[in-house]
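Working notes, beginning with the structure itself.
The values are calculated or read from the model by the stated rules, or taken from the named source; none is laboratory data. Everything numeric in this text was worked out from a predicted model, so none of it was measured. Glycine gets a Cβ as well: all are built from the backbone with ideal geometry, and neighbour counts include every protein chain shown.
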Amino acid sequence: MALKGLQSIDSLRVPIPVDQPPFVADKRRNYVGFDCLAFSYKTDGNLAAKMMPEVFELEDNPICMLAFNSFSYGNPGPYYEVMQSIQCRYRDETFFYLVRLYLNSLVPILAAREWIGFPKLDGHITFDRHKAGGVLSARLERPEGILLASAVFRPDVYVGPMPERKNISWGLRVIPGLALNSKPVVCELVRMETTQVGGTVWTGAGNPFFTGASEVDPLHRLPVKEMVSAFYVRNSDLSMVWTGDSVSLI
């Protein structure tokens with residue numbers, strides 16, 4: 001007598017592999033001991049528009065953000081992250097749309113890419129906050145040995161404790177169809193809300209630098225036209241939650 005599979009459709013509510021899911025599909029992520037070294041700058045709007053869904057709006061010279069993040073601990077464990085984003089508008093909200101994300105750990109890549117549409121890839125990241133002389137430095141390589149971006153920062157001004165800050169972002173969740181050149185099976189925007197509390201804030205002199213060494217990872221296609229600010233947030237707590245809002249684009 002032939003047996004049949006025992007996995008019902010109703011039971012398939014976990015990430016692949018369904019009998020060994022790599023993460024818990026909860027709507028919330030929590031992190032403690034979060035450090036962020038961020039640089040905002042103006043870039044070319046025509047270049048930035050090529051990386052945006054057509055429902056978003058942006059300025060002629062929009063502000064971009066390059067941030068090096070350290071997650072000391074959270075649901076997916078500790079990891080480093082580099083994110084490049086563009087400020088834009090959608091539904092009367094202004095936010096930073098995540099264009100590229102690089103991480104040095106597999107589980108947080110899986111936990112936010114196909115599930116909520118954050119464009120995460122693997123990368124080799126160094127984030128040095130403890131060198132003598134007080135200058136912070138960070139680097140992104142992919143693969144290891146091919147430098148894509150670097151940054152330096154001198155913490156000149158202690159701003160003080162960071163007040164609670166809330167930000168929103170929209171992920172572009174895409175699952176392509178199997179047939180060549182077919183429309184995607186899923187193409188939707190997913191809204192996330194981030195709350196950051198605690199920690200201390202420093203501002204100072206610093207800048208990012210893009211090598212242009214790889215067309216596979218073209219961070220240099222959002223060039224620095226004018227620096228806006230550089231800051232460092234140390235030892236804060238971070239939570240991310242899916243707000244339940246998603247918008248199909250097909």
Residue in the range 144-162 that is touching a Leu at 6+ places or on another chain (Cβ under 8 Å), among the aliphatic types (A, V, I, L, M) and within 30 Å of Val55 (Cβ to Cβ) present: yes
Residues located in the range 113-144, provided they are outside any strand (DSSP E or B), in contact with a strand residue (DSSP E or B) (Cβ under 9 Å, 6 or more places away or on another chain), among the aliphatic types (A, V, I, L, M) and free of Cβ contacts under 8 Å to residues at least 60 places away in the same chain: Val135
In the range 167-185, the residues that are surrounded by 15 or more Cβ atoms within 10 Å (Cβ to Cβ) and either without any contact (Cβ under 8 Å) to a residue 40 or more places away in the chain or small (Gly, Ala, Ser) (or both): Ser169, Gly171
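Every residue, every condition in (1) under 23 Å from Gly117 (Cβ atoms); (2) in contact with a strand residue (DSSP E or B) (Cβ under 9 Å, 6 or more places away or on another chain); (3) of a type in the set (Val, Ile, Thr); (4) at pLDDT 95 or above, yes or no:
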| residue | (1), (2), (3), (4) |
| --- | --- |
| Gln7 | no, no, no, no |
| Asp19 | no, no, no, no |
| Asp44 | no, no, no, yes |
| Glu59 | no, yes, no, yes |
| Ala67 | yes, yes, no, yes |
| Glu81 | yes, yes, no, yes |
Odd one out for Val157, checked against (1) assigned to a strand (DSSP E or B); (2) surrounded by 14 or more Cβ atoms within 10 Å (Cβ to Cβ): (2)
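The rows are residues; the columns are (1) closer than 28 Å to Arg165 by Cα; (2) in contact with a helix residue (DSSP H, G or I) (Cβ under 9 Å, 6 or more places away or on another chain).
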residue: Ala213; (1), (2): no, yes
residue: Lys225; (1), (2): yes, no
residue: Trp242; (1), (2): yes, no
residue: Ser248; (1), (2): no, no
Residue count, the range 170-217 (criterion: closer than 27 Å to Leu136 by Cα and touching a strand residue (DSSP E or B) at 6+ places or on another chain (Cβ under 7 Å)): 21
Near pairs, Cβ below 8 angstrom, 6+ apart or cross-chain, from the range 97-108 (under 16 Å from Met52 (Cβ atoms)) to any residue that is in a strand (DSSP E or B) and among the charged types (D, E, K, R): Leu101/Glu81; Leu101/Lys120
Residue pairs meeting the criteria (Cβ under 7 Å; at least 6 apart or on separate chains; first farther than 21 Å from Met227 by Cβ, in the range 49-62; second among the β-branched types (Val, Ile, Thr)): Met52/Ile86
Filter result for the condition that a residue is of a type in the set (S, T, N, Q) and in contact with a Lys or Arg (Cβ under 8 Å, 6 or more places away or on another chain), over Asn46, Asn69, Asn61: Asn61
Matching residues, the range 217-237, being in a loop (DSSP other than H, G, I, E, B), over 30 Å from Val197 (Cβ atoms) and either touching a residue at least 24 places away in the same chain (Cβ under 8 Å) or touching a Leu at 6+ places or on another chain (Cβ under 8 Å) (or both): Asp217, Pro223, Val224, Lys225
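Looking only at the range 199-215, decide whether some residue is without any contact (Cβ under 8 Å) to a residue 12 or more places away in the chain, outside any strand (DSSP E or B) and not acidic (Asp, Glu). Break it down into steps so the answer makes sense when it comes.
The initial filter retains those residues of the range 199-215 that are without any contact (Cβ under 8 Å) to a residue 12 or more places away in the chain, namely 212, 215.
Remaining after also requiring outside any strand (DSSP E or B): 212, 215.
After this cut, where a residue has to be not acidic (Asp, Glu) as well, the list is 212.
Yes, the range 199-215 contains a residue that is without any contact (Cβ under 8 Å) to a residue 12 or more places away in the chain, outside any strand (DSSP E or B) and not acidic (Asp, Glu).
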